[in-house]
1. When only Cα pairs under 8 Å and 6 or more residues apart are kept, what is the percent relative contact order across region 1-70?
2. Just to check, using Stokes-Einstein with a Kirkwood Rh over alpha carbon pairs, what's the diffusion coefficient of region 203-279 at 4 °C and 1.567 mPa s in µm²/s?
3. Where the centre of each part is set by its Cα atoms, how far does region 45-101 sit from region 366-389, in angstrom?
4. With just the Cα atoms defining each centre, how far is region 234-280 from region 161-207? Give it in Å.
5. Hey, got the dipole for region 316-423? About the Cα centre, +1 on K and R Cβ, -1 on D and E Cβ, debye to the nearest 20?
6. Go ahead and estimate [θ] at 222 nm for the chain from helices alone: -39,500 (n - 2.57) per DSSP H run with n ≥ 4, summed, over the residue count, rounded to 500.
7. Contact order normalised by length for the chain, with contacts defined as Cα pairs under 8 Å and 6 or more residues apart; what percent is it?
8. Would you work out what percent of the accessible area of the chain, with all protein chains in place, is carbon or sulfur (probe 1.4 Å)?
Amino acid sequence: MSSLSRARIIIDRDFTIGAVPRRIFGSFVEHMGRCVYTGIYEPGHAEADENGFRQDVMKLVKELGVTVVRYPGGNFVSGYNWEDGVGPVGSRPRRLDGAWHTLETNAFGLHEFVDWSRQSGVEIMEAINLGTRGVDAARELVEYANHPGGTFLSDLRKKNGHADPFNIKLWCLGNELDGPWQIGHKTADEYGRLAQEAAKAMRLVDPDLELVACGSSGSSMPTFGAWEQTVLAHAYDEVDYVSLHAYYQEDDGDAASFLASAVDMDYFIDSVVATADAVRAKGKHKKHINLSFDEWNVWYQRRLDSEDQPHQVSKAGWREHPRVIEDAYNVTDAVVVGTLLNSLLRHGDRVKIANQAQLVNVIAPIMSEEDGPAWRQTIFYPFTRMAELANGQILHTKVDSDRYENARFGDTDLVDVSSTWDEENGKIAFFLANRGLEEAANVEVLLRGFDNARLTRAEVLQIPQGHDRLTTNNLQIGEHVGLTTLKDVKAAGHELTFTMPALSWAVVEIEAAKS
């Protein structure tokens, strides 16, 4: 029998972090692998509509609860001409995509993505090419997308089938341009000036845009910190957000460190906030720059022998939508994703946008097969419940948990938690992860400023009976991993108690009155 750890959690109605930023439940669609082609778009599939949009996939997208989708990249955008993806499909050029060494047909482009987004009910986060292109292409794309009419580009949009403007308000100024792998890689000064001028030109066309400047590509980059400082020194007044990207994986069976990945995400966010605020103080700026964590997930980048790794894909020659980084996620991965979502939510006062990369097939919560079915990966479940239930105010959550040692992050809480209070419906939601590989966790919650607690929902994702922590959902065995009822949750007065199984993620929702 496994041992028991303990965690004591305290929330107070009067101690909040801020409103839940609904855009943190975002995703990412890149022209990479099978995310677009045979993912969201597959003409001829039995589930495809007249536009070629797979309705089985769209149903899962809606269930997932995605609020905003970043498009069309990613590394892809740094070599992409937006004009290739508009106009009659039969006249669009086929191109070599150097980012992922694939043949791009351009059968799916801006118009198709706008139509897909409207059907899916998601906001568009459009990325522009600041790798091989620049100010002119940026302002022209905004004019094509957002101007009502009466100009060459806005009338061209009408001619191409959309009389009304797309009204895209959220834009990324390029992608990962500090990375030597990026087409059009730049120094911080080069990118900072380009982003500043592109932003100015775009806002001259549409003054109501929200703009995201590229941060460094990860906290381990040698450019990290100095890049953000230099870029914002140039573009602070012209942009609204700076981006962060982070991916995590289990290295050499070190599950204990992997389960503590959110410690790194917390540090990353805090560091970028500090850098942005230092630029604000030095420049005597009035506004705050917020954060857009527009790429994050678990990604097993070191599986070098896998055929779907980018370097292996390139060896096979130029192909249309080959399989690229189609990781199969297990129970451990799902628990880690739950903790990463907790980190984002806990920092919701400054992290206003976040995009899990990617939406379908490519390191994704949703998988699909060409001419076949679609299904939910294990990481689908923490995302969908948090997107559904995290509403209202983010509560400042005090946690006193037993701790464990791990090689990478040292002394770490066994129980990780975030919580929200939705005053409109009187509900408090707790999102919890038990990082203990062997220990179940007894959890006690004290509700200050609340009373008459009544349980409305309690679900847990855990290792299925007869399986292990590496169990996945797949086409062959089906969806073995999912949410089941968390039993024996006791809610009364201003207290809540329950036990979380070892290596599990749980959501507990209660109804409570203000006391």
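The values are calculated or read from the model by the stated rules, or taken from the named source; none is laboratory data. This is a predicted model, so every value here is computed, not measured. Because the Cβ atoms are built from the backbone with ideal geometry, glycine has one as well, and the counts that use them run over all protein chains shown. We work out accessible area using only protein heavy atoms, side chains counted, and drop any ligands, DNA or RNA first. Shrake-Rupley method; radii C 1.70, N 1.55, O 1.52, S 1.80 Å.
1. Across region 1-70, relative contact order equals 33 percent.
2. So the translational diffusion coefficient is about 92 µm²/s.
3. Measuring centre to centre over Cα atoms gives 18 Å.
4. Taking the Cα centre of region 161-207 as reference, the centre of region 234-280 is 21 Å away.
5. Here region 316-423 has a charge dipole of around 260 debye.
6. -7500 deg cm²/dmol
7. Numbers: 1229 pairs, mean separation 104.3, N = 515.
Over the chain, the number comes to 20 percent.
8. C and S fraction of accessible area: 48 percent.
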